[in-house]
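Can you keep this structure in mind? I'll have questions shortly.
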Amino acid sequence: MQKRAGYTFGNRKEGMNMILRGKNAVITGAGRGIGRATVECFARNGANVWACARKRDSAFEDDMRQLARKYSVSMWPVYFDVTEENQIKHAVQSIRRQKLNIDVLVNMAGIVEESTTFQMTSMDKMKHLFNTNFFAVTLLTQYISRLMVRQNSGSIVNIASIAGLDGEPAQYEYATSKAAVVGATKHLARELAPNHIRVNAVAPGIIETEMGEKIEDNLRERVLGKVIMGRMGKPSEVADVAAFLASDYASYMTGQIIRVDGGM
Ligand code: NDP
């Protein structure tokens, strides 16, 4: 096996209920928000993680090193912009050189833009959103699923949004890009099932992250008004569901879109 820059510490403790023990996972958007929480949740559950961030950063590297030490797993930082096909290609090649199974892919990286009415939404804005939220997911999934098909196993977890299921006024481009992720999840579940690859999605409601904070006050208040639990979700509450879907506890689940929205 070729050595790769990364961090590994100690042996995992036996006897703990780690639902991803020994699995290797690729997670995008790993540096902050729900992605960062998902990396930690996966590590806590025994997974080794290719933690994918856009840019190399020493604070991120320190953070990953500490997670590796804390949970006795391996953390391999990988850097690429999800909208750059060449960068994706090189990143996947470097992952492939490690000659390890890729058990899980979590497509987390995503963006939202300032709200505007449908009539005022420019094509540029739509393309920008779709490039990150849908085409990047498609491309990375294509590259990783080729490897999963060869190993005849895998679990893919996409991060959609309730906006992609229900629609969201003044967020046409975001809602439709996430609806495309929902469609891709259902389609790929069918296409990849013969290769023993499960494909599911999590559809978060309104979550306490920079993205959640970015939503205009009136829109946030309106969405929160529909949440029967009466509060925003925590990144870790989305991460836990992603970990469950990635794990063998969800071995008979595919093509599912699981809402994590406090009841809406
Ligand atoms: P954040 O804005 O906190 O984090 C977004 C992450 O995506 C960052 O790590 C960011 O990296 C990464 N990213 C964005 N664009 C690129 C790119 N071109 N290349 C590489 N990485 C990129 O968002 P959240 O954690 O809140 O969101 C995570 C996912 O959850 C997204 O897909 C989002 O749509 C979805 N979601 C979030 C909700 C919420 O209320 N927060 C609700 C519903 C869905 P960098 O730090 O370099 O910018």
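Rule-based calculations on the coordinates, nothing more; no lab input. Computed from a predicted structure; not experimentally measured. Virtual Cβ from ideal backbone geometry, glycine too; neighbours counted across all protein chains shown.
What are the ³J(HN,Hα) values, in whole Hz, obtained from phi via the Karplus relation 6.51 cos²θ - 1.76 cosθ + 1.60 with θ = phi - 60°, for each residue of the stretch 129-140 in sequence order, with x given for Gly and Pro?
5, 5, 4, 7, 7, 10, 5, 5, 4, 4, 5, 4
Which net charge results when you count Lys and Arg as +1 and Asp and Glu as -1 among the other residues whose beta-carbon is under 15 Å from that of G31?
In short, -1.
Arrange the following residues from fewest to most other Cβ atoms within 10 Å of their Cβ: M126, M229.
M229, M126
Oh, and also: Pairs of Cα atoms under 8 Å, at least six residues apart: use those to get the relative contact order of the chain, whole percent. All intermediate terms of the calculation are to be shown ahead of the outcome.
Details: 522 pairs, mean separation 53.1, N = 264.
Computed over the chain, the figure is 20 percent.
Also: Below 26 Å, Cα to Cα, which lysines can K70 reach? Residues fewer than 8 away in the same chain don't count.
K3, K13, K23, K55, K99, K234
Pick from T209, T176, T83: which residue has the top mean-square fluctuation in a GNM of the chain where Cα pairs under 10 Å get a spring?
Greatest mean-square fluctuation among the candidates belongs to T209.
In which sequence would M232, M253, M64 go, from the one with the fewest C-beta neighbours within 10 Å to the one with the most?
M253, M232, M64
Counting only residues 5 or more places away or on other chains, whose amide H sits under 5 Å from the amide H of I258 once H atoms are built in the peptide plane?
Amide H neighbours of I258, under 5 Å, 5+ apart: A201, V202, A203.
What shape does the stretch 108-264 take by its C-alpha gyration tensor, where a ≥ b ≥ c are the square roots of the eigenvalues and a/c under 1.5 counts as rounded, a/b above b/c as prolate, and the rest as oblate?
Judged from the Cα gyration tensor, the stretch 108-264 comes out oblate (a/c at least 1.5, b/c at or above a/b).
Under a Cβ-Cβ cut-off of 14 Å, what is the net charge of the residues other than M229 that fall near it, where Lys and Arg count +1 and Asp and Glu count -1? Don't jump to the answer; show the numbers that get you there.
Details: positive: K226, R231, K234, R259; negative: E208, E237, D261.
Around M229, the charge tally is +1.
Expressed as a fraction of 2.2 N^0.38 Å, the rule-of-thumb size for a compact globular protein of N residues, what is the C-alpha radius of gyration of the chain?
Cα Rg divided by the expected 2.2 N^0.38 Å: 0.97.
Could you state, as a whole-number percent, how many of the C-alpha pairs of the stretch 1-135 are farther apart than 28 Å?
Of all Cα-Cα pairs in the stretch 1-135, 23 percent lie more than 28 Å apart.
Can you give the Rg and Dmax of the stretch 166-239 based on its C-alpha atoms, in angstrom?
14.9, 46
Note down the net charge around E113, summing +1 for each Lys or Arg and -1 for each Asp or Glu among other residues with Cβ under 14 Å from its Cβ.
Computed value for this residue: -2.
If you build a Gaussian network model of the chain, linking Cα atoms that sit under 10 Å apart, which residue out of E216, E40, E84 swings the most?
E216
Counting C-alpha atoms alone, how compact is the stretch 103-188: give Rg to one decimal and Dmax as a whole number, in angstrom.
Cα only, the stretch 103-188: 14.0, 47 Å (Rg, Dmax).
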